[in-house]
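Here's the structure we're looking at; comments come further down.
The values are calculated or read from the model by the stated rules, or taken from the named source; none is laboratory data. Everything quoted here is computed from the prediction, not taken from an experiment. Every residue, glycine among them, receives a Cβ derived from its backbone with ideal geometry; neighbour counts consider all protein chains shown. The area values use the complete protein model at the heavy-atom level, side chains included, leaving out ligands, DNA and RNA. Shrake-Rupley method; radii C 1.70, N 1.55, O 1.52, S 1.80 Å.
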Amino acid sequence: MIEASGPDRSRSFVIAIDGPAGTGKSTVARRVAQALDAGYLDTGAMYRIVTLAVLRSSVEPTDEAAVAGLLPGLVFDSPTNAGRQRHSLDGVDVGTEIRGPAVTLAVTPVSANPAVRGWLLDRQRRLARSGRMVVEGRDIGTVVVPDADLKIYRTADADERARRRQRQSAALVGGSGPDLAAVATDLQRRDSKDASRTHAPLQAAADAIVVDSSSLAIEETVAHVLGLAAERGITP
Ligand code: DC
């Protein structure tokens, strides 16, 4: 007879949450991590920190070789707590700056740079495999952790994504936020570049479960993901 036992908290797992910008996937990933008492890794923040370091240097974000040359000197934290995260570069908090317009514009060429991707990949894999983890990005289920226990790909229609990003920017900098049409154009620009780049383009893994926000809101998506996790033996 098999004895009843409590949840196996020693079991490591990876839940991958991918999708374009403005789908609410960060909120979903963070809440799923909190509900499971797991860690949370925001890989987009890593690309943003590298981009900020590039902007602070005299290097052009599109100069692939020069950007690659900066990588060995970078010192930054990659928090994995599921609460409010502190992102720092050279020991200084850069949480607000990495979400600002300058970084958001320059992150596209920096994240398309194969040297940057390769360099971050090692760190991402190490952190992703460090225990019970929810990992969020664009290529987690396809490249970073192709054998993740559960892969979610979150989508949303373009207007809704633009509205969500505008609200986030307004919350960050105050006021009514940037012009909605400008946000929509920027999202479109980033997504089409992310999806068409040669290295690790934005795409759903063949075995990802696609969750459209027009059919499932954030709370419902969190519950749905937790249900899918439970089916795989992943419980709080
Ligand atoms: O999720 P985010 O908007 O903070 O991501 C910032 C940028 O980084 C985004 O334009 C795409 C890129 N990115 C990526 O190429 N691969 C990831 N795994 C995560 C983000």
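Could you go through region 44-51 and let me know if any residue there is farther than 26 Å from residue 132 by Cα, within 20 Å of the chain's Cα centre (by Cα), at pLDDT 95 or above and within 16 Å of the ligand (Cβ to nearest atom). Break it down stepwise before answering.
Initially, region 44-51 is screened for residues farther than 26 Å from residue 132 by Cα, giving 51.
Pick out the ones that are also within 20 Å of the chain's Cα centre (by Cα) and you get 51.
Pick out the ones that are also at pLDDT 95 or above and you get 51.
Now narrow it down to the ones that are within 16 Å of the ligand (Cβ to nearest atom): 51.
Yes, there is a match, as at least one residue in region 44-51 is farther than 26 Å from residue 132 by Cα, within 20 Å of the chain's Cα centre (by Cα), at pLDDT 95 or above and within 16 Å of the ligand (Cβ to nearest atom).
A single member of 166, 188 is polar (S, T, N, Q), open to solvent by 50 Å² or more (accessible area, probe 1.4 Å) and touching a residue at least 12 places away in the same chain (Cβ under 8 Å), and it is 188. Consider region 72-114 and keep the residues that are away from the ligand (no atom under 12 Å from the Cβ) and of a type in the set (Lys, Arg). The one that is modelled with the highest pLDDT is 86. Exactly one residue among 129, 163 is at negative phi, more than 15 Å from the ligand (Cβ to nearest atom) and over 17 Å from the mean Cα position of the chain (by Cα), and that residue is 163.
Considering only region 115-126, how many residues are of a type in the set (A, V, I, L, M, F, W, C) and more than 10 Å from the ligand (Cβ to nearest atom)? Steps first, answer last, please.
Narrowing region 115-126 to residues of a type in the set (A, V, I, L, M, F, W, C): 115-116, 119-121.
From the residues that got through so far, the ones that are more than 10 Å from the ligand (Cβ to nearest atom) too are 115, 119.
Counting residues in region 115-126 that are of a type in the set (A, V, I, L, M, F, W, C) and more than 10 Å from the ligand (Cβ to nearest atom) gives 2.
Restricted to region 6-97, the set of helices (runs of 4 or more DSSP H) holding at least 3 residues that are of a type outside the set (A, V, I, L, M, F, W, C) and either closer than 21 Å to residue 166 by Cα or open to solvent by 20 Å² or more (accessible area, probe 1.4 Å) (or both) comprises 25-36, 43-56.
Based on what the data block shows, is residue 175 over 17 Å from residue 27 (Cα atoms), open to solvent by 50 Å² or more (accessible area, probe 1.4 Å) and of a type outside the set (Phe, Trp, Tyr)? Even if it seems obvious, please write down each step before you answer.
On the way: over 17 Å from residue 27 (Cα atoms): yes; open to solvent by 50 Å² or more (accessible area, probe 1.4 Å): yes; of a type outside the set (Phe, Trp, Tyr): yes.
In short, yes.
Of the strands (runs of 3 or more DSSP E) lying entirely inside region 115-234, none contains at least 3 residues that are closer than 18 Å to residue 103 by Cα. Residue by residue through region 197-229, note down the ones that are of a type outside the set (A, V, I, L, M, F, W, C), free of Cβ contacts under 8 Å to residues at least 24 places away in the same chain, out of contact with any Leu (no Cβ under 7 Å at 6 or more places or on another chain) and open to solvent by less than 80 Å² (accessible area, probe 1.4 Å). 227 - this is the single residue of region 197-229 that is of a type outside the set (A, V, I, L, M, F, W, C), free of Cβ contacts under 8 Å to residues at least 24 places away in the same chain, out of contact with any Leu (no Cβ under 7 Å at 6 or more places or on another chain) and open to solvent by less than 80 Å² (accessible area, probe 1.4 Å).
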